[in-house]
Amino acid sequence: MCFPRRAARGPRPPRRGFQRAAAPGFGPRDLGRRASGPRPRVISDSAHTALRHPPRGTSLPHLAPRRTGDGAATRRRAIPLDPAQLKTRLAEAARAEGFAAMGVCRPDAIPEAAPRLARFLEAGRHGDMGWMEARSHWRGDPTTLWPEARSVIMLAEAYTPAEDPLALLEMPDRASVSVYARGPDYHDRVKKRLKRLAGAFLAEAGPETGVKVFVDTAPVMEKPLAQAAGLGWQGKHTNLLGREIGNWVFLGAIFTTAELPADAPEVSHCGTCRKCLDICPTQAFPAPYQLDATRCISYLTIELKGPIPREFRPLIGNRIYGCDDCLAVCPWNKFAAEASGALYQSRVELNRPRLTDFAALDEAGFREVFAGSPIKRIGHARFLRNVLIAMGNSGVSELIPWVEARIDDPAPLVRGTAVWALSRLAPGRLAARAPARPDPDPQVAEEWRLALAETGGAARRA
């Protein structure tokens, strides 16, 4: 299969607010994966348009000109491939692009997804992520997203880390960042491969075939579809895992009007294991195969815009962006190969970073350090909120000056969290730093009231 060198240029579709999958196709790995950066301009992930022609640069065997004996150019016709051959060629091309697994299912292969999603939303387990509910009718039924689609091609790309990410949790003066966010934004990397793959597929399938490419940028429930396509199954931690790929995977989807042979769906092989459930610091799994996102550290440190509830702060430890605990303990990972090459190599600044390095960043420094990273999208204030919670949990006295420096921060979210962190690190110094008048922000004022009450500072001030 011939691959295009680049995707075609075309009009830029508008950015859309819907991003990731929801329960049952929703879990800790989905949190924080909202696409950042421009929308694709070629192979559309819009809900209303589809690419009908391959990108420029794609070799089209059925249209490629050839020379005859008299020098005249004519069009060469390729022998049409049947659906099974198309799928075989596509699988070969997917492996060449670095995907760890590929499978095909029908758009209507997940009838149980809609009612399970409805129960998830009705229980309020999505928290403040209103975008999940906004287009739930599309999420639960892929046939409504693009009625013309006849096949869904699901692909998995592995990012299995070389080292145990849990080791960093034993270093209180360091910051723990979720493995998927330690390198450049995966949306761009995976989408480029999907677009090349889709372009090559179009070159084989013909110009009347339509495709759409999705990488966490549309109301597509990738995990149930991936299970229906035989890539793996949703584990008790609600993330996708496979016997050969483990659970450190990114998922992408290609919807197409071509009807390809479907694969047999995978079934669960979790057995009686419950390691992922037992290790969760905040007990975010009410039951196996269920997630309460409002208790998940990934939700709390990435999706939640306001103050993190006090009950969860001590449990977060030094995790400043996401959490990998449930993924790291899955026994199936021992069969998965590490991510190849330097594609998912951690950025230097995220290789066991010091909390002080992050606490020192101003707004401009934050944007510079995390340019091209998914971390950038939470913004400077939320980032500092997370860093301050990690400092408050550290028990490291050398971090006290860094916390005190943020007590008067202009952002209420930051200074309120600094109050809590100082009450943990140096309760005796809290009363001396208390403002003479209540903070104008009600939430910050409440942080002061609670912190002083817990440390006895209010009595000492009196």
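Placing unit charges on C-beta atoms (Lys and Arg positive, Asp and Glu negative, everything else neutral), compute the dipole magnitude of region 286-395 about its Cα centre in debye, rounded to 20.
About 140 debye.
Which ³J(HN,Hα) values, rounded to whole Hz and listed in residue order, are derived for region 279-289 from phi using the Karplus coefficients 6.51, -1.76 and 1.60 in 6.51 cos²θ - 1.76 cosθ + 1.60 with θ = phi - 60°, glycine and proline given as x?
7, 4, x, 10, 6, 7, 10, x, 7, x, 6
Under a straight-distance cross-link criterion of Cα-Cα below 15 Å, which aspartates and glutamates are reachable from Lys192, leaving out those fewer than 8 residues away in the same chain?
Asp45, Glu97, Glu157, Asp216
List the lysines whose alpha-carbon lies under 16 Å from that of Lys376, not counting same-chain residues fewer than 8 positions away?
Partners found: Lys305.
What lysines does Lys275 reach when the alpha-carbon gap must be under 29 Å and sequence neighbours fewer than 8 apart in one chain are set aside?
Lys223, Lys236, Lys334
Lys and Arg at +1, Asp and Glu at -1: add these up for the other residues within a Cβ distance under 11 Å of Ala381 and post the number.
After counting each charged neighbour, the total is +3.
HN-Hα J couplings of region 248-258 from phi, Karplus 6.51/-1.76/1.60, θ = phi - 60°, integer Hz, Gly and Pro as x?
Couplings: 8, 9, 9, 10, x, 9, 10, 8, 9, 7, 6 Hz.
Spelling out what I want: for every residue of region 142-148, take phi, set θ = phi - 60°, compute 6.51 cos²θ - 1.76 cosθ + 1.60 (Karplus), and round to whole Hz; glycine and proline get x.
Taking θ as phi minus 60°, the curve returns x, 5, 7, 5, 8, x, 6 Hz for region 142-148.
For a bin width of 5 Å, list the pair-distance distribution of region 354-457 built from all Cα-Cα distances, rounded to whole %.
2, 14, 25, 23, 18, 11, 5, 2, 0
For region 250-297 and region 385-462, what is the separation of their C-alpha centers, rounded to whole Å?
Using only Cα atoms to place each centre, the spacing works out to 39 Å.
Taking the Cα centre as origin and putting +1 on Lys and Arg beta-carbons and -1 on Asp and Glu beta-carbons, what dipole magnitude results for region 354-457, to the nearest 20 debye?
Once rounded to the nearest 20, the dipole reads 180 debye.
Each reported figure results from applying straightforward, stated rules to the coordinates on display, with no laboratory input. In this text, all values refer to a predicted model and were calculated from it rather than measured experimentally. Neighbour counts run over all protein chains shown; Cβ positions are idealised from the backbone, glycine included.
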